[in-house]
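Undergrad: I have a structure I would like to understand better, so I am pasting it below and will then ask my questions one at a time.
The values are calculated or read from the model by the stated rules, or taken from the named source; none is laboratory data. Here the structure is a predicted model, which is why all the values come from computation and not from measurement. Glycine also receives a Cβ, built like all others from the backbone with ideal geometry; neighbour counts cover every protein chain displayed. Accessible surface areas use protein heavy atoms only, side chains included; no ligands, DNA or RNA. Shrake-Rupley method; radii C 1.70, N 1.55, O 1.52, S 1.80 Å.
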Amino acid sequence: TAYRRTIKKLLRKYDREHIVLNMGSGPTYFNERRDLINVDFHPYEEVDIVADITDLPVADGTIDFIINIAVLEHVEQVHMAVREMFRILKPGGEVLCYVPFIVPFHGAPQDFHRWTMLGMEKLFANYEILETGIGCGPTSGLLWIFQEWTAILFSFGSKKLHDVILLFLLIVLMPLKVIDIILARFPHAEKIASGFYIVASKKEG
């Protein structure tokens, strides 16, 4: 997909000679890049900087590239996080951000926001927008909602049974997501896409 191609292109562009921040990394290494600086609110073993992404202990204009994937929906003061990215980026530095649109509630530990394509662009209005697109297509959104709906219906109020059904459906239905390789290219796919991505740059001068 265009989203995956964009990720690969940016990771090639920002190699080990650059300072790259993975904001909201969780307990993972993004694409196995262990040279990235992982930032998260929780002190996982893989995290280099434990901090709130709305108030980072990072000097102004020092970061070449920021990765922020499926994090902003969990941040209550989301505009503060986007301003903080802008502050720490070097002039001309870039950010890759993924935000959800059609997805169920998923607290980690909280869940506050959803964005349309236009809403995502407005969120990054102070940046130069270089690229936008569907990061996760309509089929993915539909399946996630269907899985949650089915798990709620047939769990009869049992959280344990709900989680078992959800996991089973996730595994069984996952192959259907391949439909999005084609569907995400259709003109109206953004109306019910699961999520969007944006590549934006801090304007120089």
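Undergrad: With point charges of +1 on the Cβ of Lys and Arg and -1 on the Cβ of Asp and Glu, referenced to the Cα centre of the stretch 1-85, which listed residue (Val82, Val58, Pro43) lies farthest in the positive direction of the dipole?
TA: Farthest along the dipole direction, towards plus: Val82.
Undergrad: For the chain, what's the relative contact order in percent, using C-alpha pairs closer than 8 Å and at least 6 residues apart? Write down the numbers at each step before the final one.
TA: Working: 371 pairs, mean separation 45.5, N = 205.
Relative contact order for the chain comes out at 22 percent.
Undergrad: How do the peptides 150-163, 70-83 rank, highest first, by the average count of neighbouring beta carbon atoms within 10 Å per residue? Spell out each step's value before the answer.
TA: On the way: 150-163: 12.3, 70-83: 18.1.
The densest-packed peptide leads the list: 70-83, 150-163.
Undergrad: Restricting to the chain, what percent of DSSP beta bridges are antiparallel, rounded to 5?
TA: Taking every DSSP beta bridge within the chain, about 50 percent pair in antiparallel fashion.
Undergrad: Going through the DSSP H helices of the chain, which span 18 Å or more along their own axis at the Cα atoms while scoring at least 0.0 as a mean Kyte-Doolittle hydropathy?
TA: 138-155, 159-173
Undergrad: Further question on the same structure: With every protein chain present, what is the per residue accessible area of the chain (1.4 Å probe, Å²)? Don't jump to the answer; show the numbers that get you there.
TA: Values: 11430 Å² over 205 residues.
Result: 56 Å² per residue.
Undergrad: Give me the net charge for the shell around Ile181: Cβ to Cβ below 13 angstrom, other residues only, Lys and Arg +1, Asp and Glu -1.
TA: Charge balance in the 13 Å sphere: +3.
Undergrad: Can I ask one more? Report, for the stretch 17-128, the % of DSSP beta bridges that are antiparallel, rounded to 5.
TA: Taking every DSSP beta bridge with both residues in the stretch 17-128, the antiparallel ones total about 0 percent.
Undergrad: Under unit Cβ charges (Lys, Arg +1; Asp, Glu -1), what dipole magnitude, rounded to 20 debye, does the stretch 53-172 have relative to its Cα centre?
TA: Computed about the Cα centre, the dipole is about 340 debye.
Undergrad: What is the sum of charges around Ala108, taking Lys and Arg as +1, Asp and Glu as -1, for the other residues whose C-beta is under 11 Å from the C-beta of Ala108?
TA: Working: positive: none; negative: Asp40, Glu73, Asp111.
Here the count lands on -3.
Undergrad: If you don't mind, there's one more thing I want to ask. Between Glu45 and Phe186, how high is the FRET efficiency from 1/(1 + (r/R0)^6) when r is the Cβ-Cβ distance and R₀ = 41 Å? Nearest 0.05.
TA: 0.45
Undergrad: Oh, and also: Subtract the Cα-Cα distance of Ile152 and Glu204 from 0.36 nm times their separation in residues, and report this length gain in nm to one decimal.
TA: Additional length available on full extension: 13.7 nm.
Undergrad: In whole angstrom, note down how far apart the Cα centers of the stretch 48-106 and the stretch 158-205 are.
TA: The stretch 48-106 and the stretch 158-205 have Cα centres spaced 21 Å from each other.
Undergrad: Further question: Summing Lys, Arg as +1 and Asp, Glu as -1, what charge do residues with Cβ under 9 Å from the Cβ of Thr54 carry, Thr54 excluded?
TA: Details: positive: Arg83; negative: Asp52, Asp55, Glu76, Glu84.
In short, -3.
Undergrad: Which entry in [x] 1.06; [y] 1.20; [z] 1.38 matches Cα Rg over 2.2 N^0.38 Å derived from the coordinates of this structure?
TA: [x]
Undergrad: Something else now. How many percent of the accessible area of the chain is carbon or sulfur, using a 1.4 Å probe?
TA: Carbon with sulfur: 62 percent of the solvent-accessible area.
Undergrad: Quickly rank 34-40, 109-115 as a protection proxy: mean count of other C-beta atoms within 10 Å, highest first.
TA: Highest-to-lowest ranking by the protection proxy: 34-40, 109-115.
Undergrad: Here is a further query. Calculate the dipole size of the chain relative to its Cα centre from +1 charges on Lys and Arg beta carbons and -1 charges on Asp and Glu beta carbons; express the result in debye to the nearest 20.
TA: So the magnitude is around 700 debye.
Undergrad: What is the stretch 107-195 by shape, rounded, prolate or oblate, if you read a ≥ b ≥ c off the alpha carbon gyration tensor as root eigenvalues and call it rounded for a/c under 1.5, prolate for a/b larger than b/c, and oblate otherwise?
TA: Cα axes put the stretch 107-195 in the oblate bin.
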